[in-house]
Each structure stands twice: as C-alpha cells, then as structure tokens.
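**Student:** Sharing a structure below in structure tokens format, with a few things to ask.
The values are calculated or read from the model by the stated rules, or taken from the named source; none is laboratory data. Because the structure is a prediction, the values reported are computed rather than measured. Note that we place each Cβ from the backbone using ideal geometry, even for glycine, and neighbour counts take in every protein chain shown.
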Amino acid sequence: MSTPHYKKVRKHLSDNCPVLKPVIDRVGPCTLVPKGDDPFTLLVRCVIGQQISTKAADSIYGKLLSHLSTPTVPLAKLSKFTEAKYQACGISGPKQRTLRAVIDHVKANPKLLPSIPNLEDDAIREQLVAIKGIGPWTVDMLLIFGISRPDVWPVGDYGIKVAVKNLFNLRKLPDAKKLIKIAKPWEPYRSVASWYLWRSLDLADQDTHR
C-alpha cells in the first residue's frame, strides 16, 4: 500500500477512534509492506512464526534459508528436508509436521497457492485451514504481512488482545466478540489498526524501561 493510501487510512482511524489516535500520532507513518515472497515461502514463514516472537521467527527463517542456500523456500528442496535439518534450523517437531502437511497439501492441490492473490480473504481461510496445523492466526498473518489485505482483524492474536486491553482499560483480555465490536469503527482498515496496536506494545515497553 502506498504512502498516500496510508495517509488516508491514518486519518480514517484517527477520526473514528480517539483511543487509537494518540498511538497513531506517536508512532507516525505506517510502514507495513508486503513481504514480496511467493505464496509457498510466505506460508512457510507464517508457520515458523507460530507462537514465538518476531525476532525468534526471523532467526529461524534465516537459518532455514542458509541451509537451503536460496533467497526463498523452494517446495522441491524443502520436501527433501530431514528431521535433522529441520532441527538444525531450530524448527520444532510440531512445526515440522505442519510444514510436511503444507508440502503434501500443496503437491495434491497445485493450483491452490498460485490462486491465492486472486481469492477473497474468506476463501483463502477456507482453503488453508484445511491443512493440519494451519489455523486462523497463521492465515491472518499471511493476509496482513504476506499479501497486504487491508481489513484483516486477527482476533486470536495474543498481542492484539493485550494491546486492546491496555488501550481501552479493560479488566480482562477481550474475547473475539468484544474485539470485533471494538474494531468496528476501524473497518475497512483493520489490518493497519492491528499494526498500530502491535506498535503500541512497543511504546508501552519503551515507557516501562525509561
């Protein structure tokens, strides 16, 4: 998404949500950009990122690329990976099984990944959650960070729940129903709102360590 587009989105979010506006003002321009990788590589990155920090995920992904000796993740090469190679990259047993399930599913459905850029969000979710080990969170991350879909709202993300709880002074972490209600004013730009919510956690961390 272009800078002029993000200016429009920031104005929409700021005008429609006085709670999010101070975060937007403090963080500044949104720098959310698509990864630019092919769909298979994007899916592999999202699997690696399940339930770990961005820093840890980037480290593991870097080790994977180093072992592959490629700038992206070729299906043919990853198909030949042994358990020892996965372990050398720091990829856990459950994630190994998920990646093997992804490989098997993609091989059995060769038209699936090439069609992703042309599918609606819900259609992508339906297709990908059919793969064992791929849940709504993984698909949401692919939609936001992989192909820059504008209105994705990852209600299963722990960081999003914490950020909303903090900013809206809630007594406990919000459930999906509460999150959907709170995010209504942010439509149709909930992906960018999510990005600012994640940044709000960084701000809170900075404030704590001052």
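**Student:** Out of Val152, Val192, I need the residue that is in contact (Cβ under 8 Å) with a residue 24 or more places away in the chain, hydrophobic (A, V, I, L, M, F, W, C) and more than 25 Å from Lys95 (Cβ to Cβ). Which one?
**Tutor:** It is Val192.
**Student:** With in the same structural domain as Arg45 (by TED's automatic domain parsing), under 13 Å from Leu43 (Cα atoms) and among the basic types (Lys, Arg) as the only criterion, which of Lys111, Lys95 stands out?
**Tutor:** After applying the criteria, what remains is Lys95.
**Student:** Here's another thing I want to ask about it. Exactly one of (1) modelled with pLDDT under 95; (2) assigned to a loop (DSSP other than H, G, I, E, B) is unmet by Val155. Its number?
**Tutor:** (1)
**Student:** To continue, here is another question. Can you pull out every residue in the stretch 115-134 that is of a type in the set (Val, Ile, Thr) and free of Cβ contacts under 8 Å to residues at least 40 places away in the same chain?
**Tutor:** Listed by number, the residues that qualify are Ile124, Val129, Ile131.
**Student:** Taking Val19 and the conditions (1) more than 19 Å from the chain's Cα centre (by Cα); (2) part of a helix (DSSP H, G or I); (3) under 30 Å from Ile182 (Cα atoms), which numbered condition does it fall short on, given that it satisfies the others?
**Tutor:** The failed condition is (2).
**Student:** Spot the failing condition for Ala56; the list is (1) under 16 Å from Ile103 (Cα atoms); (2) assigned to a helix (DSSP H, G or I), and only one is missed.
**Tutor:** Among (1) under 16 Å from Ile103 (Cα atoms); (2) assigned to a helix (DSSP H, G or I), Ala56 violates only (1).
**Student:** Further question: How about the stretch 7-33: which of its residues are in contact with a Leu (Cβ under 9 Å, 6 or more places away or on another chain) and either β-branched (Val, Ile, Thr) or in the same structural domain as Pro114 (by TED's automatic domain parsing) (or both)?
**Tutor:** Within the stretch 7-33, Val19, Val23, Ile24, Val27 qualify.
**Student:** Does the stretch 101-111 include one or more residues that are under 19 Å from the mean Cα position of the chain (by Cα) and of a type in the set (Val, Ile, Thr)?
**Tutor:** Among the residues of the stretch 101-111, at least one is under 19 Å from the mean Cα position of the chain (by Cα) and of a type in the set (Val, Ile, Thr), which makes the answer yes.
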